[in-house]
1. With a sphere of radius 15 Å drawn around the Cβ of ARG176, what net charge do the other residues whose Cβ falls strictly inside it have (Lys, Arg +1; Asp, Glu -1)?
2. For the chain, what class follows from the C-alpha gyration tensor (a ≥ b ≥ c being the square roots of its eigenvalues): rounded when a/c is under 1.5, otherwise prolate if a/b is larger than b/c, else oblate?
3. Once the other residues with Cβ under 12 Å from the Cβ of PHE510 are scored (Lys, Arg +1; Asp, Glu -1), what is the net sum?
4. Over all alpha-carbon pairs in the stretch 1-125, figure out the percentage whose distance exceeds 19 Å.
5. Could you sort 40-49, 553-562, 125-134 so that the peptide with the highest average Cβ count within 10 Å comes first and the rest follow in order?
6. To make sure I understand the rule: partners must be lysines, Cα under 21 Å from the Cα of LYS83, and not fewer than 8 residues away in the same chain. Which ones qualify?
7. Counting only DSSP beta bridges with both residues in the stretch 35-149, what percent are antiparallel, rounded to the nearest 5?
8. Could you tell me whether the stretch 195-345 comes out rounded, prolate or oblate from its Cα gyration tensor? Rule is a ≥ b ≥ c as square roots of the eigenvalues, rounded for a/c under 1.5, then prolate if a/b exceeds b/c, otherwise oblate.
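Here, each number is a calculation from the coordinates, and none is a lab measurement. Quantities reported herein were computed from a predicted structural model and do not represent experimental measurements. Every residue, glycine among them, receives a Cβ derived from its backbone with ideal geometry; neighbour counts consider all protein chains shown.
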Amino acid sequence: MLRSHTCGELTLKQKDSPVTLCGWLQRSRDLGGMTFIDLRDRYGITQLVFNMETDAELCKSARSLSRECVLKVKGKVAERSNKNSKIPTGDIEIVVDSFDVLNSSLVPPFTIEDNSDGGEELRMKYRYLDIRRSPVKESLLLRARVAAETRNYLNAQDFVEVETPVLIKSTPEGARDFVVPSRMNPGEFYALPQSPQTFKQLLMVAGMDKYYQVVKCFRDEDLRADRQPEFTQIDCEMSFVEREDILVTFEGLIRHLFKSVKGIELPEIPRLSYAEAMNSYGNDKPDIRFGMKMKEMKALTSGKGFKVFDEAATVLAICVEGCAEYTRKQLDELTEWVKRPQLGMNGLIYGRWNPDGTFKSSVDKFYSAEDQKKWFEHLGGKQGDLVLVLAGDTAKTTKAMSELRLEMGGRLGLRKPDEYRVLWVTDFPLLEYNEDAKRWFAMHHPFTSPSPEDVHLLDSDPGAVRANAYDMVINGVEVGGGSIRIHNKEMQQRMFDVLGFTKEEAQNQFGFLMNAFEYGAPPHGGIAYGFDRLCALFGGSDSIRDYIAFPKNNAGRDMMIDSPSQISAEQLKELGIRVTI
Ligand code: ASP
């Protein structure tokens, strides 16, 4: 190599040793007779020193160097008089004997330091410069570590990594496909996989037993904040398993990742049914770093003459510990908060159990102190607490209460960024009805098996059938999901019937899978993790973009290579495509 050491490894141990370093000029400072340069590479920063008195020529040429030029430097390790305890190389500097400029650099469009002055779009356009910055570089290194530890764990459990194709076939279920025209088959298109779901199931039929892949998936969805059209999954499948086997195996994976990457021993991983999660948290991906569970108050509040509660389909409350002294102003502000169009509630009712033992609510006219005390008892509250109540239509009120709970948890500092609480949510509904399409859709995907005890309801009451499916949730974020699959042709056919496919449509789109099921398909199931999101969570960030080397912006554009872009008339002709836009 051109260097003897990296910019991140020298300490007093190498004092007086001759060394050669390579890297980028991050910053230079002229202090009278001395010039200091910070030389940066992936591994860190090392200070170079030039002395006007000992070598004026060298010092002058060092002063003429510009930011981000690439240097090869020879010199000797010396002890610094002014030590920097913040960096591993802070005790030493290199007294430079000679250097070569390996390449020059234009002035970068933003400062390449931890806190950059560059806006998001500019940094995306020059992502290769952005990656030189420590926070972005560290995010990518973290991602690589999570991927390596994932492979370590799964390899040790006898999983095999198999690559599945990227040019596959479009199917109408799920999100919109990205499609690729086929030149050799004019008028026909491949689709990019939304996930390798059917392939991993076919690998089970093929006897691979345990499969995984760290794999790119593509979904052409309208980009909501922090969605990427291409993203990565840790995709897994196992044969001869029941749900319990999957949950245990992948609890093992997440424990391994937290331990090896973050040094964290996870507490117990609870399991909650979808129904329990919705009842207690109003949400199928609850943040369980704090309690503040919601409860139905309809029975307690009805018949006292308060119309709002009497006429509401649901009356939901949470008890906020120690907040009885919330001021009128704070409560008004919360009321405005629930009235925002995103939540659209008409108002917020509060009840205080004051520290002096008295009760005070916004509905004292209808409810006595005795009545109000019962609310607190129902919610497990105590003197000094505050009860917040929302009433109205069930879906809307549940959502608003779920948001209010998260908001209060945030305000009280109960959603600690360095605390991780993992849980499984199980027993999701198998199907959901879409009013626009006037038909049932699979909530997970059409290959998910119904819970055996609910199969008899498939025709009579499809909405009540639970799926043998599970999601892993961490701190209110869904990081993974999967299911035990259907593995016989009749059941798969029945599922397609329920979803409104004709026999021909089912055969046309998924015939390959149903045919495979006729050649001895083993019982199987699996899971996929959203790898980008998992990395963001490990890094303590809300944004997956920071963990993707070359992400796309909110409009689905790659600002650096300027894509998507038009293609030439010849290319279009070759593909047999006429563009009419
Ligand atoms: N393929 C599914 C998904 O992408 C995950 C699974 O069921 O394994 O959500």
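1. Details: positive: LYS169, ARG219, ARG224, ARG227; negative: GLU173, ASP177, ASP220, GLU221, ASP222, GLU230.
Taking every Cβ under 15 Å from that of ARG176, the sum is -2.
2. Values: a/c = 2.19, a/b = 1.34, b/c = 1.64.
Oblate, because a/c is 1.5 or more while a/b does not exceed b/c.
3. Numbers: positive: LYS169, LYS489, LYS503; negative: GLU173, GLU504, GLU505.
Local net charge: 0.
4. Working: 3663 of 7750 pairs.
Of all Cα-Cα distances in the stretch 1-125, 47 percent exceed 19 Å.
5. Details: 40-49: 20.0, 553-562: 14.0, 125-134: 17.7.
The most tightly packed comes first, giving 40-49, 125-134, 553-562.
6. Result set, ordered by chain and number: LYS13, LYS15.
7. Details: 17 of 19 bridges.
Rounded to the nearest five, the antiparallel share is 90 percent.
8. Details: a/c = 2.26, a/b = 2.12, b/c = 1.07.
The shape class here is prolate.
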